[in-house]
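> First, the structure itself, so that you have it in front of you.
The values are calculated or read from the model by the stated rules, or taken from the named source; none is laboratory data. Note that the structure is predicted; figures quoted are calculated from it, not measured. Using ideal geometry, Cβ is built from the backbone for each residue, glycine included, and neighbour counts are taken over all protein chains shown.
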């Protein structure tokens, strides 16, 4: 099988888009092959579809991914897709994506490099934010559970968990009691403002220490706004670089979440499977 693809770099959360139509029943098998070291190699795979007049992103496990969504918007601008709204030097791109209902809007700004863009996404608002405690041995570890459409994140103090592999199993055992597409453990060091994302996708049974995580950054920002009951604007450092998060807090609630960061188109071609 031959498939056209593009590989993108949203702050090193390496993502592969399959451009040819593929029946969804084959998505998991193809995604696992493409992500492998002996193929294109990446952290996640999205399949590009058409839905009426919009381009739709179907992630490999049916989850929502903020980095993939804003990367697709950048790729649409890079591909000079017709009829994109443009104000000054900023393109406004609307897409649909798995994991959420409705339309996602991104603002894409080209850089001097033809394959590099800043892409800001209006993230979906949390469905739920609450404090959640896990038992690890004799210890009780506090987390903030942030449920976003298509993915659930747990914000955890990075310095409180010694055995992160064991802690993942604790959370997975808890998550297996409910329905979910994907979940992440966001290990955050407040002192250094450094986020280390671990993300699990259920349908592909894939677990990655991601170099950056957009939805996890949004969840962290939501948790910080929730704790302080105030708007925040913060650049969050991650292994692959930084993502800028802005949370607007109004009337004792989160009114909007915007996330911005660099996206690079790094490779285009044909994958052989």
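> In a strand (DSSP E or B) and under 15 Å from the mean Cα position of the chain (by Cα): which single residue out of 152, 129, 144 fits that description?
Just a single option satisfies the conditions, and that option is 152.
> Next question. Condition first: within 26 Å of residue 218 (Cβ to Cβ), within 15 Å of the chain's Cα centre (by Cα), buried (at least 21 other Cβ atoms within 10 Å of the Cβ) and at pLDDT 95 or above. Can you find one or more residues in the range 73-82 that meet it?
Within the range 73-82, one or more residues are within 26 Å of residue 218 (Cβ to Cβ), within 15 Å of the chain's Cα centre (by Cα), buried (at least 21 other Cβ atoms within 10 Å of the Cβ) and at pLDDT 95 or above.
> Residues 148, 220: which one is within 21 Å of residue 71 (Cα to Cα) and out of contact with any helix residue (DSSP H, G or I) (no Cβ under 9 Å at 6 or more places or on another chain)?
Result: 220 is the single residue among 148, 220 that is within 21 Å of residue 71 (Cα to Cα) and out of contact with any helix residue (DSSP H, G or I) (no Cβ under 9 Å at 6 or more places or on another chain).
> Tell me, which residue of the range 26-48 that is crowded, with 17+ Cβ neighbours inside 10 Å and in contact with a helix residue (DSSP H, G or I) (Cβ under 9 Å, 6 or more places away or on another chain) is farthest from residue 14 (Cα to Cα)?
It comes out as 48.
> Also: Out of the range 47-62, which residues are assigned to a strand (DSSP E or B) and closer than 16 Å to residue 102 by Cα?
Selection gives 49, 50, 51, 54, 55, 56, 57, 58, 59.
> Go through the range 176-194 and report how many residues are in contact (Cβ under 8 Å) with a residue 24 or more places away in the chain and farther than 14 Å from residue 143 by Cα.
Of the residues in that region, 6 qualify.
Table: residues versus (1) closer than 18 Å to residue 254 by Cβ; (2) modelled with pLDDT of 90 or more.
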| site | (1), (2) |
| --- | --- |
| 106 | no, yes |
| 109 | no, yes |
| 120 | yes, yes |
| 129 | yes, yes |
| 136 | no, no |
| 140 | no, no |
| 146 | yes, yes |
| 155 | yes, yes |
| 160 | no, yes |
